[in-house]
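Enquirer: My structure is below; once you've seen it, I'll send some questions.
The values are calculated or read from the model by the stated rules, or taken from the named source; none is laboratory data. These figures come from a predicted structure and were not determined experimentally. Counting neighbours? That spans all protein chains shown, and the Cβs are built from the backbone with ideal geometry, glycine included. For the accessible areas, the whole protein counts, side chains as well, though only heavy atoms, and no ligand, DNA or RNA atoms are used. Shrake-Rupley method; radii C 1.70, N 1.55, O 1.52, S 1.80 Å.
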Amino acid sequence: MTLILFFLFFLLKNNYVFAADSKFLVTSDSTYKIADNGVTTVNQNFTFTNTTSQYFPSEYVANLPVKDVYNLRAFDKTGALQIKTSLNGDVRQVTIKFGEQAIGIGTSVKWSLAYETEQI
């Protein structure tokens with residue numbers, strides 16, 4: 001039974017490639033603006049550069065160091081990106097689906113993530 005489950009896992013396993021994979025060069029620039037009322041606005045700008053001809057990033061999973069975030073938004077040159085969030089202990093996990101693709105060696109996609117929190 002275990003052997004069957006093992007093979008089913010590999011047969012049904014999806015082949016999604018995540019941007020944090022070593023197949024991509026990731027650079028980022030982050031800005032934190034702290035207001036007098038304690039609210040921090042975080043703006044992060046990313047560039048993903050594809051280093052392969054076989055793969056492209058379809059989504060990115062970010063683990064934010066705070067669990068309470070609001071006004072969460074992500075966008076690229078195509079517009080607003082689809083976001084899903086979940087809580088894993090004190091870490092907010094954010095999955096961002098890309099609208100633009102970096103297909104081919106050396107191609108890049110630029111996108112931004114922004115949110116506000118009172119926990120920084």
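Enquirer: Being over 23 Å from Leu25 (Cβ atoms) and of a type in the set (Ser, Thr, Tyr) is the filter; apply it to segment 66-91 and report the residue that is least open to solvent (accessible area, probe 1.4 Å).
Expert: That would be Ser86.
Enquirer: Looking at segment 1-30, which of the residues that are of a type in the set (S, T, N, Q) and assigned to a loop (DSSP other than H, G, I, E, B) is modelled with the highest pLDDT?
Expert: Checked segment 1-30; the qualifying residue modelled with the highest pLDDT is Ser22.
Enquirer: Ok, one more. Quick check on my filter: what residues within segment 92-120 are part of a strand (DSSP E or B) and either among the charged types (D, E, K, R) or open to solvent by 50 Å² or more (accessible area, probe 1.4 Å) (or both)?
Expert: Hits for segment 92-120 are Arg92, Gln93, Lys97, Ser108, Lys110, Glu116.
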